[in-house]
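Inspection log for the structure reproduced underneath, given as structure tokens.
Taken together, the values in this text are just the output of simple stated rules run on the coordinates, not laboratory data. Everything quoted here is computed from the prediction, not taken from an experiment. Neighbour counts run over all protein chains shown; Cβ positions are idealised from the backbone, glycine included.
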Amino acid sequence: MGMPMITTPRWDHYPLVAQEEHAQSWLAIQANLGRAPKTVEAYGRALQDFLRFAADNQVDASTARREHVASYVRHLLSQPRERGENVRVLDSGGGLANATLQQRLTAVRLYYDYLIEEGLRADNPVGRGRYTPGRGFGGPRDRGLVPRYQKLPIVPSDEQWQLILQAAHAESVRNRFMFALAYDAALRREELCSLEVGDIDPAYRLVRVRAETSKSRRDRMVPYSEATGALFGAFLSDRRTMCTERGPLFRSHSDRNRAAPISPWTWSKVVRGIALRAGVAQFATHTPRHLRLTDLARAGWDVHAIATFAGHRTVESTLRYIHLSGRELASKLELSMDALHAERRRQLESLLW
């Protein structure tokens, strides 16, 4: 198994974290433990935001109490949209998405966990534990300061998917192959962009997702379709005109970074452009993965098999990804009830003899 990727925190992005001894130590530990670069960046920005709030309100962050954290939550709930028109779902009741609020508080909670482990304070003002009906907040609880919303993933309709495919058809062969592979293998954005030449097995039409690039830190092998295999052949011919090296599979076409490995942010821009041209603004880099897993459920795959395909550690994660419409569920129920009634009739017929 490969070693986890080590990233260096980008201290210029969060100067207050860099200046505070314990905050800097905590973030450096996260990076040294091999946390994903995106995770380290998110933790750094979240802690930077909290330290700025504390400084603005003349609060020593290392000794902050629960009322200070509550004030920070109120501050977050009053924030304007961070990305303006690019925000597709607003679900927090305030300007920040619920997932963003949870991310900010998670970083702060983990920072205080570190201070407790270092013997610098006795309690965590963010808190954790389960809210138990009838007991309120007494005893252990895992209800956070902000309610966590579990929303259905966005899965395009058949009509929207056709519009997306038409828009994607105008892309380069590299982008078309990436798009097809993202759907076929249900790849996350980082998994797709981190693929290397040796990860593709054209003989068996398999792609290997290496543990060090996977969110679950587990290897997995997943198949891709014959049509995607044909795109792979065309892509390799195009790639050889720009780069003959092995290593990273997908390379940049830009004059400034020609043949450099493609970044996840570049791929996000490509998919965003496709979505806008198709008129399906909510389509994002994770949407092909949602659709693929939903299609496997529609095809009758067992949830454990889908979890293995997706690289999920638990089936609970898989169930959050699978989205069957009310019409599909009604159809499944009708078929199940028809089969049950037929069996009941057969059983009753035994009374006749």
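Each Cα pair under 8 Å and six or more residues apart adds its sequence gap; the mean of these over the residue count of region 158-321 is a relative contact order of 27 percent. Remark: spin-label model distance Glu159-Ala230 equals 2.9 nm, labels positioned 7 Å along the Cα→Cβ axis.
Dipole of region 158-321 computed with +1 at Lys/Arg Cβ and -1 at Asp/Glu Cβ about the Cα centre; of Cys193, Val222, Ser172, farthest Cα towards the positive end is Cys193. Remark: region 158-321 carries a charge dipole of roughly 460 debye about the Cα centre, counting +1 on each Lys and Arg Cβ and -1 on each Asp and Glu Cβ.
Net charge near Thr228, counting Lys/Arg +1 and Asp/Glu -1 over other residues with Cβ under 11 Å of its Cβ?
0
Full extension of the chain between Arg320 and Val173 gives 49.7 nm of extra length, using 0.36 nm per residue less the Cα-Cα distance.
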